[in-house]
Amino acid sequence: KISESVSSLAAPSEARLKCRCLWRGRRGLSMFSLFRDPAREPILKSKPARSVPQQSFPELLGIIVVPWLVCVAICYMFAVTYHFAPTAVWLVILAGLVVCMSIIQRDFQEEQRQHVLRSSSMAHLCLVAIVLATVFGSVAYRSFYSKYWLSHSSHSYANVLPSEAAAAYADAGKLIFSEDARLVISKALGYREGSVYCVAPIQDDADSTVQFWAAGLDCCGARGSFSCDDAWDIKAHAGVVLKPEPGYVQAVRQAQAAFGLEAAKEPVFVRWVVSPEVVELKDFLFGNGLLVGVCIVFLVLLATFGTSLHSNQRSYHAERVGFV
């Protein structure tokens with residue numbers, strides 16, 4: 001009996017074996033697993049993780065390059081094509097938005113997604129590129145390219161008399177006035193409608209109906225002051241034609257009533273400048289500078305995103321494929 005009791009003490013008990021298994025066992029088993037019946041409740045196994053392939057360097061490069069090319073293409077269309085075919089540009093933008101939204105919706109609804117990181121991220125970035133390029137492209141066109149293309153694609157006339165009929169120069173883009181042409185700043189007027197629409201009559205020695213008006217935005221007072229473009233330069237005798245916006249037309253009507261002027265029914269509005277070619281070039285360069293700056297900043301942001309995605313790829317993969 002004494003020998004049997006000694007041997008029983010020396011032999012490892014079942015509880016001790018379970019404790020050893022607990023310390024040497026797989027991570028994730030709790031203390032309550034000692035009291036489970038293996039026959040009725042088997043040990044939990046790791047759930048099969050969804051396969052998330054790591055992105056190769058060419059794929060990450062595509063995530064950067066493709067959205068940037070989309071941004072460059074839309075900016076180019078606003079700079080070159082929009083003035084002549086605005087409907088076509090808006091159709092292209094709408095088609096790009098539809099494609100991006102379709103890809104995003106498809107990846108969101110797909111149950112077994114294996115390449116969501118590449119396609120969905122690229123679609124999101126392309127969507128951002130379209131919106132960004134559209135916003136800044138519209139601003140660049142309204143501020144610079146519209147003036148440039150109106151001047152560049154229209155006719156130029158020299159030795160224009162201010163007393164000539166404005167209807168004879170309806171297709172003009174640049175006008176060089178005669179030496180006796182001058183601005184009558186004392187009869188300038190500013191009409192406020194959000195911005196201040198400034199107009200001043202261009203006349204010569206002949207006191208006749210005002211056919212041409214120097215115009216500008218936010219560069220004059222209510223009455224008798226005008227500092228738009230080269231208004232104070234005595235060498236200025238030229239004009240870059242502007243579109244007859246409603247604010248300018250209303251300012252002319254108000255000037256007629258205020259100063260007793262007689263104006264043409266469809267006058268020509270110009271920017272009073274020394275050299276129309278210099279103004280035309282500045283508009284083109286300012287528009288290009290704005291869009292090129294937007295493309296460069298967007299490329300830097302995309303490169304930062306791609307670098308961060310590439311450096312965090314291993315941790316992302318480990319998080320998605322980890323055991324439960």
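Each value in this text was obtained by applying a stated rule to the coordinates, not by laboratory testing. Not measured: the values here are computed from a predicted model. Glycine also receives a Cβ, built like all others from the backbone with ideal geometry; neighbour counts cover every protein chain displayed.
Ser156 to Ala168: extension gain in nm, 0.36 nm per residue of separation minus the Cα-Cα distance?
Length gained, Ser156 through Ala168: 3.1 nm.
Fully extended, how many nm does the chain gain between Phe108 and Val300 (0.36 nm per residue separation, minus their Cα-Cα distance)? Show your work: numbers first, answer last.
Details: separation 192, 0.36 × 192 = 69.12 nm, distance 2.79 nm.
Full-extension gain reported as 66.3 nm.
Roughly speaking, what is the stretch gain from Val99 to Val80, that is 0.36 nm per residue apart minus the C-alpha to C-alpha distance, in nm to one decimal?
Numbers: separation 19, 0.36 × 19 = 6.84 nm, distance 2.38 nm.
Here the segment from Val99 to Val80 would lengthen by 4.5 nm.
Excluding Ala188 itself, what net charge comes from residues whose Cβ is under 15 Å from its Cβ, given Lys and Arg +1 and Asp and Glu -1?
Value of the local net charge: +3.
Compute log10 of I(q)/I(0) for segment 178-257 with the Debye formula, placing one identical point scatterer on every Cα and leaving out solvent, at q = 0.12 Å⁻¹, to two decimals.
-0.29
Return the loop-located trypsin sites (Lys or Arg not before Pro) in segment 211-297 (DSSP other than H, G, I, E, B) with at most 15 other Cβ atoms within 10 Å of their own Cβ; answer none if there are none.
Lys235
What is the local net charge at Ala166, summed over the other residues whose Cβ is closer than 12 Å to its Cβ (Lys, Arg +1; Asp, Glu -1)? Don't skip to the end; give the middle numbers.
On the way: positive: Lys265; negative: Glu164, Asp171, Glu266.
Spelling it out: positives minus negatives among the neighbours equals -2.
What distance in nm lies between label points placed 7 Å from Cα along the C-beta direction at Lys265 and Ile176?
Here the modelled spin labels are 3.3 nm apart.
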